[in-house]
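Derivation of every value follows stated rules applied to the coordinates shown; laboratory data play no part. Because the structure is a prediction, the values reported are computed rather than measured. Cβ coordinates were reconstructed from backbone atoms using ideal geometry, including for glycine residues, and neighbour counts include every protein chain displayed.
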Amino acid sequence: MFLEAIKRHVGVWKLENMRAKPYFYWEEEDKDRYYSPSQALICAIMYGHRRYAQYLLSHYPRDALATPWMKASPLPRGAPHLALAVEYDRKEIMNMILGAAQHLGILSFYVNQKSGFGWEERTALHRATGMADADAVLMLLGKGADPNIEDSGGFTPLDIVLEQLGDSSVNMDAKRFCLHYLLLFSPAVPFRTKATLRGNEEYWGNLLGWDEYRYLIGKAPLPLSLCAMKTVLRCLVPSDFPHSVLALPIPPALKPVPAQLDTWEPKEP
């Protein structure tokens, strides 16, 4: 009943009253069980119940972000709520989660945690890059996600986006934006696919632009415009992103932040 109520976006107070009541779980030696804030947040993300997610994160931030455990449905380790928000494209809830982690003082640690089922473990940034979700990639990078972390297969987000650029012409603009943002926030560019780039110079040079291509294969410095913006971004505090970038006294066209990122802020119910 509780899960169905979340799915129907029942009001927050009614959901909390339902969560406070025990439910019977036959595998637990006839013991009653209760849904934790963490389990409730998982369900709120899955069904897009923004107001309930906001309530849980504001009233129980530490418990809500704890790694849940459901015997009927084992969940990812690490930062499962952030991973799920990326997978389900719940950008506003994703921003709430990052805000709660910031409030708890664990943002830089939390945003770089790997989550996954079984052997496959990736950061939220790997997931957003794999989905070619450029806005989510930018928000995660701005909040301190490390673009040089490798997933369980040894691949960085840069490896992922380059593989996607080479495999399919679908959604190319979004993939290029992902690449651009990764280059902006990467202090270095260690990745496994340099040999692939060198092996097809004409294709990659035309696809990426020759300045970025030569930089990626180590034959030229970073283009001046990217270098200047990287320097600016290093001076900004992740907790103030994206407002700190939007407030820069430069023309809007030069800011690497689309205006819609500012609309992800939680709204009052």
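For the range 89-131, how many residues are of a type in the set (D, E, K, R), closer than 20 Å to residue 155 by Cα and surrounded by 20 or more Cβ atoms within 10 Å (Cβ to Cβ)? So that I can check it myself, show each step before the final result.
Pass one, the range 89-131, residues of a type in the set (D, E, K, R): 89-92, 114, 120-122, 127.
From what is left, the residues that are closer than 20 Å to residue 155 by Cα are 114, 120-122, 127.
If we keep only those that are surrounded by 20 or more Cβ atoms within 10 Å (Cβ to Cβ) as well, we get 122, 127.
The total comes to 2.
Six or more apart or on different chains, Cβ atoms under 7 Å: show the pairs whose first residue is in the range 175-189 and not in a helix (DSSP H, G or I) and whose second is not hydrophobic (A, V, I, L, M, F, W, C).
186/147; 186/148; 188/148
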